[in-house]
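Take a look at the structure below.
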C-alpha cells in the first residue's frame, strides 16, 4: 500500500476531511496495537482517541520525507498505551498482562474483526511458530528495539532479523496472497 | 549494498516496526530513495503488519471518531477565541481612535464658538473704544472750556429771557473783553424747532446796531451746549434770536429770546 502523502499533507494543513480518511485507514490497526497492550476495550478506546488527538495536534512534527506515517502512528500509540499501563489506576485495576500476546487475543476473542479475513488469518496465526509469535509480539506490538528483543529472547541480533523477516514473509503470503 | 541484499537483511521489517537504530534508518531511507523495489517491499511489509493488527482489534466504536472530532473542534474553538482575545488591542485601538476623533471634533467646535464669541467681543471692544475716545475728547474739550471760563480774563453775564417770547429762558455769556472772545452757554434755552436756529448778536445801543456773532451750531461748538465766538466789535449788550436755518442779516426782534446788557 502506497502511503497517502496527499492526505497527510492536507491534514497537516488542518483539513478535517483528510484527517477523517486517514483515521479510517489506520485506526483499526492502531486500535489492535493498543488493545494488545492494555487488553481492555474501554481503556483502548480512550487511548485510541488520545492518540488521534495527538496526531492532529502534532501533525506538523511528522514529515513525509522521513519514516513511514504508519511507523510514526505506531510509536505514538505504543508509547501512549505503555504510559497508561504504568499509571497507578491501571495497575490497580488490571490483572497480570505479561503472558498475553496477540495470538492469545485472537484465540480468546469471540467478536473478531469483520473487515479483514480474520477467520482465515486466525487459523494461520494459530499455526505460527511460537518463535514467530514472540518475535512479532515484541518488535511490532510491544515496540521493543532490536537490541532489547535480542536480549529478551536470548538470540543473536542477526538471527533475530532473519527470523523476523521469515515470520513476516509467511504472514504476508497469507494476508496478501 | 544492492537492493536484494537490503531486502534480505531483515532491516526493512524492523524499519516498519520502528525497531531500527537511527543510523540504520538513514541507511534504509537512502535505499528507498535509490531503489523503487525497496520502497515497494516496505509497502508490502507495512500492509501485512497493518492487517495483522486489524485482526487483533475489537470492533471500533463509531463514538470514538465523534469524540476525537469534538475534541479537536473544541481545541480549535479555544484557539479561535484566543485569536479573538488577541484582537482586543485592535478593538481598543479603534475605540481610542474614535474617541480621539470625537475629541478633536468637539475641540474644533469649541474653538469655532470661541472664535465667533471673540469676534463679537472684539467688535464690542472697538465700539467701546470709539465711545471712550469720543467721551475723552468731549471731556478734554469741556475741561479746556472750563479752564478758560475760570480764568480771570473772563467775566460772566446772564442774559435773562424776553418776557413776551420766552420768560423762562436764559443764557450765560463768558466774555474776554481784551481779546473779544465770548463763550455762550445755551443750556437755559429751549431746543430750537425744526428748520430754525438760534443766532447770537452783539448790540451797540446808541444808535441800536446789531452785529451777528454767528449761529448756535456745530461750527462754533466748544463744549456741551457751550459755543465760542470771536471777531466781533466791543459789545454793550448780547441778544439771541430764533432765525430760519442759515441765519439772517438782521435779527428778527419778534423772536428775541434773551437779551442782556454788558455792564462794566
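Throughout, read-outs are computed from the coordinates displayed, never taken from laboratory work. The structure presented is a predicted model; accordingly, all values stated were derived computationally and were not measured. Neighbour counts are summed over all protein chains in view; Cβ atoms, including those assigned to glycine, are modelled from backbone coordinates with ideal geometry.
Numerical summary
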item	result
Hydrodynamic radius of the protein assembly as shown per Kirkwood, over alpha carbon pairs, in Å	32.3 Å
Packing rank of B:20-29, B:145-154, where each peptide gets the mean count of other beta carbons within 10 Å, highest leading	B:20-29, B:145-154
P(r) of the range B:1-134 over all Cα-Cα pairs, binned every 10 Å from zero, in whole percent	9, 15, 10, 13, 10, 8, 7, 7, 6, 5, 5, 3, 0
Over the protein assembly as shown: helical MRE at 222 nm, DSSP H runs n ≥ 4 each giving -39500 (n - 2.57), nearest 500	-19500 deg cm²/dmol
Counting all C-alpha pairs of the range B:63-191, share separated by more than 20 Å (%)	77 percent
Neighbour-count order for A:166, B:134, B:241, fewest beta carbons within 10 angstrom listed first	B:134, A:166, B:241
Highest-first arrangement of B:55-68, B:108-121, B:194-207, where packing means the average Cβ count within 10 Å	B:55-68, B:194-207, B:108-121
Cβ crowding within 10 Å averaged over residues, with A:45-58, A:77-90 ranked highest first	A:45-58, A:77-90
Between helix B:62-86 and chain B: long-axis angle, C-alpha atoms, 0 to 90°, nearest 10	30 degrees
Average beta carbon contacts from partner chains per residue of A:46-56, 10 Å cutoff	4
Cα gyration tensor category, rounded, prolate or oblate, for the range B:155-261 with a/c compared to 1.5	rounded
For chain B, radius of gyration divided by Kirkwood radius, i.e. Rg to Rh on alpha-carbons	2.02
Pairwise centroid distance, computed over Cα atoms, of the range A:25-55 with the range B:124-164, Å	120 Å
Length-normalised contact order for chain B - Cα pairs under 8 Å, 6+ apart - percent	13 percent
0 to 90° range, to nearest 10: angle between helix B:36-56 axis and chain B longest Cα axis	90 degrees
Per-residue Cβ neighbour rank within 10 angstrom, fewest leading, A:25, B:1	B:1, A:25
Helix B:88-150 axis, angle to chain B major axis (alpha carbon atoms, nearest 10°)	10 degrees
Neighbouring partner chain Cβ atoms per residue of A:135-141, average, 10 Å criterion	4
Averaged over A:60-71, number of beta-carbon atoms from partner chains that fall within 10 Å	3
Mean Cα-pair separation over length for the range B:155-261, i.e. relative contact order, pairs under 8 Å, 6 or more apart, %	31 percent
